[in-house]
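Student: To start, I am sharing the structure in question, which I have written as structure tokens.
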Amino acid sequence: MVIVRRVKPLPYWIIPIIALLAGIAISVIILYVLMGASPAAVLSAIVYGFTRPGVVAKTFVALTIVGIALLVSFKGSIWNIGGEGQITFGLMAATWVALFTALPYINPGLAQVSMILLAMVAGGIWALLAALPRAYLGLDEVPVTLIMNYIAYYIVDILVRGPWLGKHVYNYIRTDTIPAQVMFPQVPGTTMTWDGLFLLIILFVGVWYLLRNTSIGLRIRILGNNPNLLRSSGISVPLMIIVALTISGFIAGSVGALYLGGDVYRISYPVEAHTANYGYTGILVAWLSMLELIAVPIAAYIVSALYTAGIQYQILVGGHLGQLLTAGSAIVDVFIGSILLMYTILITISEYKIKIIVKR
Amino acid sequence: MAAEANNAKPTFLSPPQEGKKPIVSLRGITKRFPGVIALDHIDLDIYPGTVHALLGENGAGKSTLVKVLYGIYTPDEGEIIINGRPTRLTSPADAINMGIVMVSQSPQIIDTLTVAENIILGLEKYNHFVPVTKVYKTIREESKRVGIKIDPGIEVWRLSYTQKQLVEILRAILLGAKVLLLDEAITYLPIEEKQRFYKFIRRFADEGGTVVLITHKIYEAMDVADKITVLRRGKVAGHLDRKEATIEKIRALMFGERSAEITYERLPTAQPEPKTILEVKDLWVMGDFGGYAVQGVSLEVKKGEVLGIAGVAGNGQKELIQAIMRLRPVMKGRIIYNGEDITRKTTYYLRVNGVGYIPDLPAKYGVSIENSIIENIAVLPVYSRGIINWDKIRELTLKLIKEFEIKTPSPDTPVKFLSGGNIMKVLVARELTVATNLLVAYNPTRALDEATAIKVRKIIKEKVLKNKVSAIIASEDLDEIFQISDRIAVMNSGKIVGVFPADKAKREEIEHLMVM
Amino acid sequence: MFESIASFIVGVSAIFLAYYLAAVGHGLMEKSGVLNLAIDGVFTLGVAIAFAVSVYTFSVPLATFIAMIVAALFGLMLAFITTKLPISHGAAGLSTMFLGYGLAALVGLPARQLQINGRSLATIQPSLGGTWIWFYVVAFVVAIGIWYLVEKTKIGAAIRAAGENPASAEALGVNVLAVRLFASGVGYALIGIGAAVFELAYTQVWSQGAGMGYGWIAFAISLSAGRHPILILISAMIFAALDKYRFLIAATYNLPPDVGKMLPFVAAIAAMIIFMVTPLKRKLAPPKSLGKIYFREERTV
Ligand SMILES: Nc1ncnc2c1ncn2[C@@H]1O[C@H](COP(=O)(O)OP(=O)(O)OP(=O)(O)O)[C@@H](O)[C@H]1O
Ligand SMILES: [Mg+2]
């Protein structure tokens, strides 16, 4: 069996659809075999997930933003696995603005903007800390950004247990709830907030412009393909590494603010057990997009629809496995895993073809 | 290779073994890539005991053909017949099993592995779990027989380009190659090594081996080959026997009308102005593996002249050029550009102040093949600061594509889909445009076919003459040095050992200084 | 004093071995150039399988064996698709991770239900009596074995070649697919055993999500030691000790408990920085083609 590149790629929409269908078929089989789930119920949950934009909106917004953030560094072949830590730092910064400044009471609008901006700065700084040793010592950014996720969790844990422990929390270990003034207003009929929607649009357009029309964007793209060309052109490679990773963290950080202001409204201890894992799922979104900005929202929509489908299935079927199964997360994971794995595999067929060669 | 052949004088006149069956036959081999048909129904017979040269302009399909034979590419159509049997090659391991081994222009051996590790990978007779040291003895013995000195335990990154190519050849011998595919494997070796190689090839063929030789040096091919096949645009343009082959015939087959433009005459001499553009004073620069690669070099380039730096590869030219471009730290000495001391300045400073740069191994250091032509031009800091004006750059790119006759479907085509020659043209076009004052180049026509190489030299020289640009060009190709330079400096062991005005320089004298 | 050292060595032996095996398996696989982002999912699945089999069969060896086989199958699958097809290692690995999480819950929950209803779980206890010695013996034997395999043998050279530059490796006569299948199969078998040790010798309890996150820690252990089988012994020990004793340490020095949790991670980054400024840098550098899409007919320079 050998793989050759097609001289003409197949029409772009055929394969994704086949891939999705194949993935759905496989997850139906897995769920049937392992837990006797009725295929009809699974399919109806999937249909539900894909046809309820209002419901998936919150996850969709967060995943698109993280996907965009990671795309910026991935374009430069800088593998930022640290979205989770950058989001956590953003969460921390936004919480500080909301709970420990007077801003929410003086000017709620400004406070919300400050939460988002400060979250971005915090995410950027956290990424910068990983970028510096990468740029100047050649320290592999993959383990460093990954490890820094945990450090970020524990820094926030220390705060929540210590100085930030709330006064009205009964026996829970968590911060106080943020003032109502800085709870981000929801877009009616959806789960997302206006703040998130605007932020998404601004970031999408901004990154599109950055990558397409600015020298920084071009240099990040060339950094990813051949840093030698940057060197011989007189452009500092370490500087570009720092720029790519910092911008990435900067964007990812904003999701921390959205998570606080539009979802949880407080930080509960331990933060690592209360995260939505957007930082990790976002990596999947970025890779599924094949690093095409336009495809990021599509990938994010698919992933968030599958999330919703899993939760819906749980609601439809109820505690099939007793009370043990929490929130349908296992089914979500099987959906996401098998469908996206099939998708990743089959998508290659649009550009490549498989030849079976019989040896004589 | 048998030991007694060592003292047999290489004869360059052994006739092709007539009446024998071909060892390799290709029938109707076709390979398509997006946008091109690299091979278009190729029929070819290769006989044992012959050196078979494969010639053709850049992008003719030579490399594609040997990669098909080595099992790297799978042909879309056609049949490969080895020893009379139709054979499907699905990997290089298959080819090696059939006695076919390829050596290409960029060494395939892996830098982080030792010589022995690299060699043992292809040796079927060792099972997977044997310690690599098992093969040391064989390597030592065989390398002694071939006359190569190599430590099997050394990591490859410590070797020079020449040594790496020697290891590649050694590997081919140890793999028991019957058919040796040489894709410009010899082109960039220093003269002496090159000669030894050609002798080896001849001997190998005389003893019944088969060599497929790809080179852009037509004279060398005519010297050593028994048969010549010329490819053009993916088709066989003609087969020639050594007896009937003349340089004119070959060039006509290779280039068609373009062959008329080929000349090795010196290009017009420049009339430099007294102003010094580049001055290097007592420069000391470290090499990659410690030790000084450049040892107290001083030189001067006047406004509007071309200074050629002749030398065998690995005598400090690369380090000198990189130091001038501020890509390598200077340990001692000074570099003065346009009256300004740039010893502590950055590459960026040079690049925005009228210096063009053509590095060695251009596809690796001078372009990004995954990016489009237009992006490869826009990347230079003179074109992109802050917001990029794509319209302007597109206009410039289209102009350059036209001016330099770059063959491409569009300016947005990724560079990797261009042929080697056209990739080089993109680079030269870009650099000549920014070189308003000085062009720094190392092997600017490496990997180009004759017609294209001469064209590039003409373009460079024209620019020098017309705009009074200066150029410092290091090259391992003496033809090139003589054709383009106004003055020639010879570099040997990190030092400048002589400077001559090009019109008075004698080739023998320079060759002597190079290897002294 | 002596007593506390002895109890320390016994106490960390299980988690040390679990971390070590998972990290060394991960390193072996990545040496061959396959980016392994599925580790946390498959580790979690391994934990669940070890638990379930142990509940059903009450056999520690069988539980370990099945966890190993299933994990190895995942390794083979990942190596096959990323080498034979020009697909993104990252997307393949992360989707497999999610699949692993999901399957883990589906496999573990019914067994957990049985356990709640009274079935018991076969475990293995590292005790002062002697079992603990074997945990270290296994780790050291695996360390020497993998080190010898990777650094000294022909297949080790082939694994490194496939990780540095698969196209060149292929041209040199390596069957890149076979080599990556081998490295990933063995690598994941070790990860599977590590997961079983984690479940049956260390935590000895199971609830949904058990083991989640520990695969990532093994990933960090492996990379912070430059994927080197011997150095991983050290970083696995640091993480194991701190995992076991973090609360004790924090309490002793009167620090918040989360400082204790943070320590191994800070230590890992510090270790990596130290490696980078010493001559080990070259030896411990990541494989050049790690995670790069491999397509044999791609244009090369
Ligand atoms: N892997 C590839 N993918 C796509 N196109 C390719 C690939 N390899 C070669 N080509 C294209 O196929 C044609 C033939 O290329 P090939 O490398 O065989 O030429 P060549 O005769 O070796 O030229 P040169 O003298 O420049 O080395 C060129 O147009 C080239 O751009
Ligand atoms: Mg070629």
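Student: Which cross-chain or sequence-distant (5 or more) residues have an amide H under 5 Å from the amide H of B:ARG88, H modelled 1.01 Å from N in plane?
Tutor: A:ARG360
Student: Can you list the aspartates and glutamates whose alpha carbon is less than 17 Å from that of B:LYS21, not counting same-chain residues fewer than 8 positions off?
Tutor: B:ASP43, B:ASP45, B:GLU79, B:ASP206, B:GLU207, B:ASP226, B:ASP241
Student: Run down the lysines and flag those whose C-alpha is under 25 Å from the C-alpha of C:LYS31, throwing out any fewer than 8 positions away in its chain.
Tutor: The reachable lysines, counting only those whose Cα sits under 25 Å from C:LYS31, are A:LYS75, B:LYS125, B:LYS134, B:LYS164, B:LYS364, C:LYS84, C:LYS152, C:LYS154, C:LYS281, C:LYS283, C:LYS288, C:LYS292.
Student: Could you give the alpha-carbon Rg of the protein assembly as shown over 2.2 N^0.38 Å, rounded to two decimals?
Tutor: Here the Cα radius of gyration is 1.00 times the empirical estimate.
Student: Here's another thing I want to ask about it. As an exercise, identify the chymotrypsin sites (Phe, Trp or Tyr not before Pro) in the range A:108-217 lying in DSSP coil whose Cβ has no more than 14 other Cβ atoms within 10 Å.
Tutor: Those satisfying the criteria are A:TYR170, A:TYR172.
Student: For the interface of C with A, what's the total buried accessible surface in square angstrom, probe 1.4 angstrom, rounded to the nearest hundred?
Tutor: So the buried area, both faces added, is about 4800 Å².
Student: Give me the one-decimal Kirkwood hydrodynamic radius in Å for the range B:2-261, with the sum taken over alpha-carbon pairs.
Tutor: 19.0 Å
Student: How long are the semi-axes of the equivalent ellipsoid of the range B:357-434, taking √(5λ) for every eigenvalue λ of the Cα gyration tensor, in whole Å from largest down?
Tutor: They are 17, 14, 12 Å, listed from largest to smallest.
Student: Here is the link list: B:LYS62/B:LYS425; B:LYS392/B:LYS455; B:LYS318/B:LYS506. Which ones come out longer than 21 Å on Cα distance?
Tutor: Over 21 Å apart, Cα to Cα: B:LYS392/B:LYS455; B:LYS318/B:LYS506.
Student: For the protein assembly as shown, give the percent of accessible area contributed by carbon and sulfur heavy atoms, probe 1.4 Å, rounded to a whole number.
Tutor: Within the protein assembly as shown, the accessible surface is 62 percent carbon and sulfur.
Student: Pick out which of A:TYR105, A:TYR301, A:TYR313 has the largest mean-square fluctuation in a Gaussian network model of chain A, springs linking Cα atoms closer than 10 Å.
Tutor: Comparing A:TYR105, A:TYR301, A:TYR313 in a Gaussian network model of chain A, the most mobile one is A:TYR105.
Student: Roughly how big is the B-C contact, given as buried accessible area in Å² (both sides, 1.4 Å probe, nearest 100)?
Tutor: Looking at B and C, the buried total is near 2900 Å².
Student: Over 5 Å intervals from 0, what percent of Cα-Cα pairs in the range A:1-95 sits in each interval?
Tutor: Calculated over all Cα pairs of the range A:1-95, the distribution is 2, 9, 10, 12, 14, 17, 15, 13, 6, 1, 0, 0 percent.
Student: Label the range A:133-257 by shape, choosing from rounded, prolate and oblate, from the square roots a ≥ b ≥ c of the eigenvalues of the Cα gyration tensor; if a/c is under 1.5 it is rounded, and otherwise prolate applies when a/b is larger than b/c, oblate when it is not.
Tutor: oblate
Student: Just tell me how shielded B:107-120 is by partners: mean number of partner chain Cβ atoms within 10 Å of each residue's Cβ, no decimals.
Tutor: 6
Student: Shifting gears a bit: Using only alpha carbon pairs under 8 Å that are at least six residues apart, calculate the relative contact order of the range B:357-434 and give it in whole percent.
Tutor: Result for the range B:357-434 is 41 percent.
Student: Could you tell me which helices of chain C pass both thresholds, a Cα extent of 18 Å or more along their own axis and a mean Kyte-Doolittle hydropathy of at least 1.0, with helices taken as whole DSSP H runs?
Tutor: Counting only whole DSSP H runs, the qualifying helices are C:2-31, C:39-57, C:60-84, C:131-152, C:176-197, C:229-252, C:257-276.
Student: Tell me whether chain B comes out rounded, prolate or oblate; compute the Cα gyration tensor, take square roots of the eigenvalues as a ≥ b ≥ c, and use a/c under 1.5 as the rounded threshold.
Tutor: In terms of gyration-tensor shape, prolate.
Student: Here's a follow-up. Between C:LEU121, C:LEU263, C:LEU233, which gets the highest mean-square fluctuation from a Gaussian network model of chain C, Cα cutoff 10 Å?
Tutor: Greatest mean-square fluctuation among the candidates belongs to C:LEU263.
Student: Measure out, as a whole number of angstrom, how far apart the alpha-carbon centroids of the range A:225-267 and the range A:1-25 sit.
Tutor: 32 Å
Student: If you average the alpha carbon positions of the range A:83-153 and of the range B:103-155, how far apart do those two centres end up, in angstrom?
Tutor: Computed from Cα coordinates, the inter-centre distance equals 51 Å.
Student: Per residue of C:252-258, what is the mean number of Cβ atoms on other protein chains within 10 angstrom of that residue's Cβ?
Tutor: That average works out to 4.
Student: Same structure again: According to the square roots a ≥ b ≥ c of the eigenvalues of the Cα gyration tensor, what is the shape class of the range C:2-284, taking rounded for a/c under 1.5, prolate for a/b larger than b/c otherwise, and oblate for the remainder?
Tutor: Oblate, since a/c reaches 1.5 and b/c is not below a/b.
Student: Just to be sure I understand the rule: take each whole DSSP H helix in chain A, project its Cα atoms onto its long axis, keep it if the span is 24 Å or more and its mean Kyte-Doolittle hydropathy is at least 1.0. Which ones pass?
Tutor: A:14-35, A:53-75, A:83-100, A:108-137, A:141-161, A:194-213, A:237-259, A:295-317, A:329-347
Student: Another question, then. Over the range A:2-355, average the accessible area per residue using a 1.4 Å probe and give it in Å², no decimals.
Tutor: That works out to 37 Å² for each residue.
Student: Partner chain Cβ atoms within 10 Å, averaged over the residues of C:264-274 - can you pull that number for me?
Tutor: Average per residue, whole number: 4.
Student: Here is a follow-up. Could you work out the Rg to Rh ratio of the range A:54-149, with Rh taken as the Kirkwood radius (inverse of the mean 1/r over all Cα pairs)?
Tutor: That ratio is 1.05, to two decimals.
Student: Just to check I understand the Karplus step: with θ = phi - 60° and J = 6.51 cos²θ - 1.76 cosθ + 1.60, what whole-Hz values come out for the range B:339-356, glycine and proline as x?
Tutor: x, 10, 6, 10, 4, 10, 8, 9, 4, 3, 4, 5, 5, 9, 10, x, 10, x
Student: Here is a follow-up. Can you give me the P(r) profile for the range B:354-499? Cα pairs, bins 10 angstrom wide beginning at 0, each as a whole percent.
Tutor: 11, 41, 34, 11, 2
Student: Convert each backbone phi in the range B:241-255 into a coupling constant with the Karplus relation 6.51 cos²θ - 1.76 cosθ + 1.60 (shift: θ = phi - 60°), then list the ³J(HN,Hα) values in order as whole Hz, x for Gly and Pro.
Tutor: 8, 4, 5, 8, 6, 10, 4, 5, 4, 4, 4, 5, 5, 6, 10
Student: Hey, got a sec? Which chymotrypsin sites (Phe, Trp or Tyr not before Pro) in the range B:413-503 land in a DSSP loop and have at most 11 other Cβ atoms within 10 Å?
Tutor: When the chymotrypsin sites (Phe, Trp or Tyr not before Pro) of the range B:413-503 are filtered for loop state and at most 11 Cβ neighbours within 10 Å, nothing remains.
Student: Excluding same-chain residues fewer than 8 positions from B:LYS466, which aspartates and glutamates have a Cα within less than 17 Å of its Cα?
Tutor: B:GLU273, B:GLU305, B:GLU403, B:GLU431, B:ASP486
Student: So which of B:LYS227/B:LYS249; B:LYS303/B:LYS461; B:LYS194/B:LYS235; B:LYS199/B:LYS249 end up more than 20 Å apart by C-alpha?
Tutor: Checking Cα-Cα distances, B:LYS194/B:LYS235; B:LYS199/B:LYS249 exceed 20 Å.
Student: Amide H to amide H under 5 Å from B:ILE23: which residues, 5+ apart in sequence or cross-chain, H placed 1.01 Å off N in plane?
Tutor: B:ILE46, B:TYR47
Student: Give me, ordered by chain and number, the residues 5 or more places off B:TYR357 or on other chains with an amide H under 5 Å from its own placed amide H.
Tutor: For B:TYR357, whose amide H was placed from the backbone, the distant partners under 5 Å are B:VAL440.
Student: Okay, next question. Of all alpha-carbon pairs in the range A:2-355, indicate the percentage at a distance above 34 angstrom.
Tutor: More than 34 Å apart: 30 percent of the Cα pairs in the range A:2-355.
Student: Please turn the phi angles of the range B:73-80 into ³J(HN,Hα) values with the Karplus equation 6.51 cos²θ - 1.76 cosθ + 1.60 (θ = phi - 60°), one per residue in order, whole Hz, x for glycine and proline.
Tutor: Working through the residues one at a time gives 9, 9, x, 6, 9, x, 9, 10 Hz.
Student: What's the center-to-center distance, using Cα atoms, between the range B:336-380 and the range A:54-80 in Å?
Tutor: Result: 34 Å between the Cα centres.
The values are calculated or read from the model by the stated rules, or taken from the named source; none is laboratory data. All of these numbers come straight from a predicted model, not from anything done at the bench. Note that we place each Cβ from the backbone using ideal geometry, even for glycine, and neighbour counts take in every protein chain shown. Side chains are part of the model used for accessible areas, which takes the heavy atoms of the whole protein and leaves out ligands, DNA and RNA. Shrake-Rupley method; radii C 1.70, N 1.55, O 1.52, S 1.80 Å.
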